[in-house]
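The values are calculated or read from the model by the stated rules, or taken from the named source; none is laboratory data. Source: prediction; values computed, not measured. Counting neighbours? That spans all protein chains shown, and the Cβs are built from the backbone with ideal geometry, glycine included.
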Amino acid sequence: MNLITAIFGFFMNLPELPMRWLQGKLAGGRLGWVFVGPNLAVFGLFTFLPIVIDIYYSITGGTELLPLDRPLVGLENFGSLLSCTNHLDPDSCTRDLFWHGIYNTLKFVAFQVGLMVVFSMLTAIVLNRKIAGRGFFRAAFFYPVLLSPVVVALIWKWILQREGVLNAGFMAVGANPVNWLLDANWAFFWSVFVSIWAHMGFYTLILLSGLQAIPSEINEASQMDATPPLRHFRRITLPLLMPSLLVVLVLGLIRAVQMFDEVYVLTGGGPGTATTFIVQYIYKTGFADQVRQYGLAAAASLLLASVLLVLTLLQLKGMRKNG
Amino acid sequence: MVKLLTATRGKNGWDWTDWAAHIYLVLGVVVMFGPVLWLGMSSLKSETGIQTFPPTLLPYEPSTIAIPGRGDLKAFTITAGEFAGKEMGELRRLGLQAQMIDPATPDTVRRIPVGDRTPIMRVRAAWENFTGLFTQFPFARYLWNSVFITVIATILTLLVNSMSAFALSKYKFTGRDTAFLIMLATLMIPPTIVLVPNYLIASQLGLTNSAWGVIWPAVATPTGVFMLRQYMLTLPDELIEAARMDNASEWRIYWRIVLPLSSPALAVLAIFSVMWRWNEFLWPMVVLSRSESFTLPLALNSFQGELTTQWNYLLAMTVVTLLPVSLIFLVLQKHITQGIASAGVK
């Protein structure tokens, strides 16, 4: 341990002299930029520059990786992504998988975020009561949040496989076994279920801390007035919890729109296209297909980015409101 | 339902909302934690035990019986016929008949119809699933890749983010607010939408199939900067002024005064960083294509495609992957939950 501290100390002392020299050279507050520099450099190289390259990729075609080898095609990528004879029917679109991805993602977001907010709120309210072993229960609900998405998917794949424990339970009560992940509707159901299972604890915690921030005087006063429970919930708990609820809703939306990991490992996007979401389309088009269509993937990324931009602005607005 | 949501505990004993709340919690624990326990139990089953359907709770494997002069044979109980109730060892199986030996009469080989016997099972944890990971698969390699990426990336994340949080909270310089806004703006560009260009940049820098290709892109995190800056704002400026009086350099002030004082916030960020890195999946999958550079999640993903029949190894590997995170949670539960509640980040 002492050795680690010594090594660390040695490395942290190295910048001392150059920094001291810089300090003398840079007047006023410009030294601040030296400290901010590394962070901004990483952001510049791996976040801002990529967005520019993304835009360039989206207006070029071909399968070359190097931007300069790629022919300009204008808005062709966007055109091909967006062209459908009937936009409500993914199969009528040039890029049918993209549209399946969009509709699946929309459906997924609606169910997953909706149900997750309801269940995390219910859990938070139950956990906010005076209950023996509350710490244990809170930990149990939170635990899956820490698991790797791949681990989450494999845990459930093992349970849901044809000869898994769920089917054994079904057969024990006389029901027929189901091929959970090979039936389109069930596979979608389990994608929603597993992602709620994996992420719910995080949102429960935010709501719980929101609930605990409600002054106890308010609850006591309302109790003394014998406020009916329904009215107490609607007039007191809900309005005071609104800021936390908004955080939960926006963060949940941002994450759900980008859902990929768990579902990809659990179902591989199938059966067919039943659980193929938009990020999987990007990954597949850009990296997993035999022919890597970077331009299409970049164009789809930018369309996704525009949705995320709106959601993140909402999030930042919420952050500012909460200080 | 509504009453459950709002009612508080009755004065005398439990009312029905208490019952409902506890039933909800117990069911919740079963649903949230049961699957993980089931994974753990299953990972201890032998290759035969894991294929048993319906599955057993405990790990069983076929028992053996010692026959003098023949060694250990697979043990069966005879269920019908002349020898019903006896335990015998199987010498070999010939179609629908099996040659069995009664340990009491080791020299006589008896022919028993295979339908008239059931294997004797015994409880045994198949630890060889775990040791096999190291002897039969390049598991140590994946483990090392994951550990290396997690540790190095976390150190770099703490360093880079705390440096910029220090300047943003303790200095006044032209463009400071702009710099902070730029960092927050990166929240709008999540990694999923810059996969293609980041792959280009990583490959131009020669970072594909290298741990550094996984480490660098996510070293600067807007949440990390934000969290550390909020914390450093609460540190009194007098401390820094006093150090300047003593002619300490700005770098020294940063790493000898501000960093140690920020250790609670650094600890929270460190925990998050470890979780992010240990669990990261999509970007590593894009940038690492050769199996010797795989991290644990990538190895798991490729194994589940290839070895669907070898669930015993796959489950053991899953357990090893979730173990470190679980141990961290067990020890640091309070810090993690408080950190999330206060910062609202994951």
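Can you tell me which residue within segment A:281-293, out of those that are more than 8 Å from chain B (Cβ to nearest Cβ) and surrounded by 24 or more Cβ atoms within 10 Å (Cβ to Cβ), is nearest to the chain's Cα centre (by Cα)? Show your work before the answer.
Pass one, segment A:281-293, residues more than 8 Å from chain B (Cβ to nearest Cβ): A:281, A:284-285, A:288-293.
In the following step, the residues that additionally are surrounded by 24 or more Cβ atoms within 10 Å (Cβ to Cβ) were identified as A:281, A:285.
Details: A:Y281: 16, A:T285: 20 Å.
The residue in question is A:Y281.
Does at least one position in segment B:172-180 carry a residue that is among the hydroxyl-bearing types (S, T, Y), part of a helix (DSSP H, G or I) and under 35 Å from the mean Cα position of the chain (by Cα)?
Taking segment B:172-180 and keeping what is among the hydroxyl-bearing types (S, T, Y), we get B:174, B:178.
Applying the additional criterion that residues be part of a helix (DSSP H, G or I) yields B:178.
Filter once more, so that each one left must be under 35 Å from the mean Cα position of the chain (by Cα): none.
No, segment B:172-180 contains no residue that is among the hydroxyl-bearing types (S, T, Y), part of a helix (DSSP H, G or I) and under 35 Å from the mean Cα position of the chain (by Cα).
Name every residue in segment A:124-136 that is under 20 Å from A:A213 (Cα atoms) and without any contact (Cβ under 8 Å) to a residue 40 or more places away in the chain, in order of residue number.
Looking only at segment A:124-136, we keep the residues that are under 20 Å from A:A213 (Cα atoms), and these are A:124-131, A:134-135.
Those that are under 20 Å from A:A213 (Cα atoms) and without any contact (Cβ under 8 Å) to a residue 40 or more places away in the chain: A:V126, A:R129, A:K130, A:I131, A:R134, A:G135.
In segment A:46-84, which residues are at the interface with another protein chain (Cβ under 8 Å from one of its Cβ atoms), touching a Phe, Trp or Tyr at 6+ places or on another chain (Cβ under 9 Å) and surrounded by 17 or more Cβ atoms within 10 Å (Cβ to Cβ)?
A:F46, A:Y57, listed by residue number.
Starting from segment B:172-185, take each residue that is in the same structural domain as B:P222 (by TED's automatic domain parsing) and list its partners that are in a loop (DSSP other than H, G, I, E, B) and basic (K, R), counting only C-beta distances under 9 angstrom and pairs at least six apart or across chains.
These pairs meet every condition: B:F173/A:R30; B:T174/A:R30.
Can you confirm whether A:I4 is part of a helix (DSSP H, G or I) and either in the same structural domain as A:T285 (by TED's automatic domain parsing) or surrounded by fewer than 17 Cβ atoms within 10 Å (Cβ to Cβ) (or both)?
On the way: part of a helix (DSSP H, G or I): yes; either in the same structural domain as A:T285 (by TED's automatic domain parsing) or surrounded by fewer than 17 Cβ atoms within 10 Å (Cβ to Cβ) (or both): yes.
Criteria met by A:I4.
Among the residues in segment A:39-57, are any assigned to a loop (DSSP other than H, G, I, E, B), of a type in the set (S, T, N, Q) and modelled with pLDDT of 80 or more? Write out each step before concluding.
Start the filter on segment A:39-57 by keeping residues that are assigned to a loop (DSSP other than H, G, I, E, B), which leaves none.
No, every residue in segment A:39-57 fails to be assigned to a loop (DSSP other than H, G, I, E, B), of a type in the set (S, T, N, Q) and modelled with pLDDT of 80 or more.
Looking only at segment B:190-219, count every residue that is over 20 Å from A:A298 (Cα atoms), facing chain A (nearest Cβ under 9 Å) and in a helix (DSSP H, G or I) and tell me the total.
1
Considering A:L249, A:L296, which residue is surrounded by 17 or more Cβ atoms within 10 Å (Cβ to Cβ), more than 8 Å from chain B (Cβ to nearest Cβ) and more than 18 Å from the chain's Cα centre (by Cα)?
Values: A:L249 fails: more than 18 Å from the chain's Cα centre (by Cα).
Within the list A:L249, A:L296, the selection yields A:L296.
Considering each residue of segment B:142-161, count those that are surrounded by fewer than 18 Cβ atoms within 10 Å (Cβ to Cβ), touching a residue at least 60 places away in the same chain (Cβ under 8 Å) and closer than 13 Å to B:V320 by Cβ, and give that number.
0
Residue-by-condition table, conditions (1) outside any helix (DSSP H, G or I); (2) away from chain B (no Cβ under 14 Å); (3) more than 21 Å from the chain's Cα centre (by Cα):
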| position | (1), (2), (3) |
| --- | --- |
| A:H87 | yes, yes, yes |
| A:F98 | no, yes, no |
| A:G101 | no, no, no |
| A:T105 | no, no, no |
| A:F111 | no, yes, no |
| A:M116 | no, no, no |
| A:V126 | no, no, yes |
| A:R129 | yes, no, yes |
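Go through (1) within 29 Å of B:N198 (Cα to Cα); (2) in a helix (DSSP H, G or I); (3) of a type outside the set (V, I, T) and name the single condition A:G24 misses.
For A:G24, the failing item is (1).
For the subset of segment B:150-184 comprising residues that are aromatic (F, W, Y) and facing another protein chain (nearest Cβ under 8 Å), which member is farthest from B:R229 (Cα to Cα)?
Residues of segment B:150-184 that are aromatic (F, W, Y), as a first pass: B:166, B:171, B:173, B:180.
Restricting the remaining residues to those that are facing another protein chain (nearest Cβ under 8 Å) gives B:166, B:171, B:173.
Working: B:F166: 7, B:Y171: 11, B:F173: 15 Å.
Only one residue tops the list, namely B:F173.
For the condition out of contact with any Lys or Arg (no Cβ under 7 Å at 6 or more places or on another chain), farther than 30 Å from B:A80 by Cβ, modelled with pLDDT of 85 or more and in a helix (DSSP H, G or I), what is the one hit in B:L168, B:L133, B:L159? I'd like the intermediate steps shown before the answer.
Details: B:L168 fails: out of contact with any Lys or Arg (no Cβ under 7 Å at 6 or more places or on another chain); B:L133 fails: modelled with pLDDT of 85 or more.
Criteria check complete, one pass: B:L159.
Just to be sure before I move on: is B:R124 more than 11 Å from chain A (Cβ to nearest Cβ), surrounded by 15 or more Cβ atoms within 10 Å (Cβ to Cβ) and basic (K, R) in the structure I sent?
Details: more than 11 Å from chain A (Cβ to nearest Cβ): yes; surrounded by 15 or more Cβ atoms within 10 Å (Cβ to Cβ): yes; basic (K, R): yes.
Criteria met by B:R124.
Using the structure shown, decide if B:G89 is of a type in the set (G, A, S), at pLDDT 80 or above and within 29 Å of B:S326 (Cα to Cα).
Working: of a type in the set (G, A, S): yes; at pLDDT 80 or above: yes; within 29 Å of B:S326 (Cα to Cα): no.
Spelling it out, it is not the case that B:G89 is of a type in the set (G, A, S), at pLDDT 80 or above and within 29 Å of B:S326 (Cα to Cα).
For segment A:154-272, which helices (runs of 4 or more DSSP H) that fit wholly inside it have 3 or more residues that are closer than 24 Å to B:M32 by Cα? Outline the logic, then answer.
Working: elements: A:165-172, A:184-212, A:216-224, A:229-232, A:238-257, A:261-267.
Per the criteria, A:165-172, A:184-212, A:238-257, A:261-267.
Does B:I155 satisfy being closer than 28 Å to B:W311 by Cβ and in the same structural domain as B:A265 (by TED's automatic domain parsing)? Before the answer, list the steps.
Values: closer than 28 Å to B:W311 by Cβ: no; in the same structural domain as B:A265 (by TED's automatic domain parsing): yes.
The answer is no for B:I155.
When residues of segment A:273-311 are filtered for being polar (S, T, N, Q) and assigned to a helix (DSSP H, G or I), how many remain?
Within segment A:273-311, the subset polar (S, T, N, Q) is A:273, A:275-276, A:280, A:285, A:290, A:293, A:301, A:306.
Those left that are additionally assigned to a helix (DSSP H, G or I): A:280, A:285, A:301, A:306.
Result for segment A:273-311: 4.
For the subset of segment A:131-165 comprising residues that are surrounded by fewer than 18 Cβ atoms within 10 Å (Cβ to Cβ), more than 7 Å from every other protein chain (Cβ to nearest Cβ) and under 30 Å from A:N176 (Cβ atoms), which member is farthest from the chain's Cα centre (by Cα)? Working first, answer last.
Quick first cut of segment A:131-165, residues surrounded by fewer than 18 Cβ atoms within 10 Å (Cβ to Cβ) only: A:131-136, A:161-163.
Among the residues that remain, those that are also more than 7 Å from every other protein chain (Cβ to nearest Cβ) are: A:132-136, A:161-162.
Going one step further and asking which of them are under 30 Å from A:N176 (Cβ atoms), we end up with A:161-162.
Numbers: A:Q161: 26, A:R162: 29 Å.
Going through the qualifying residues, I end up with A:R162.
Name the residues in segment A:137-153 that are assigned to a helix (DSSP H, G or I), closer than 16 Å to A:S195 by Cα and touching a residue at least 12 places away in the same chain (Cβ under 8 Å), would you?
A:F141, A:F142, A:Y143, A:P144, A:V145, A:P149, A:V150, A:V152, A:A153
Taking B:L187 as the residue in question, decide whether it is at the interface with chain A (Cβ under 7 Å from one of its Cβ atoms), crowded, with 23+ Cβ neighbours inside 10 Å and either in a helix (DSSP H, G or I) or among the basic types (K, R) (or both).
Numbers: at the interface with chain A (Cβ under 7 Å from one of its Cβ atoms): yes; crowded, with 23+ Cβ neighbours inside 10 Å: no; either in a helix (DSSP H, G or I) or among the basic types (K, R) (or both): yes.
So B:L187 fails the test.
Cβ contacts < 7 Å: first residue within 16 Å of A:A124 (Cα to Cα), restricted to segment A:223-247; second residue part of a helix (DSSP H, G or I) and basic (K, R), any location; separation 6+ or different chain. Result?
A:P243/A:K321
Answer yes or no: is there a residue in segment A:271-280 that is more than 13 Å from the chain's Cα centre (by Cα) and facing another protein chain (nearest Cβ under 10 Å).
yes
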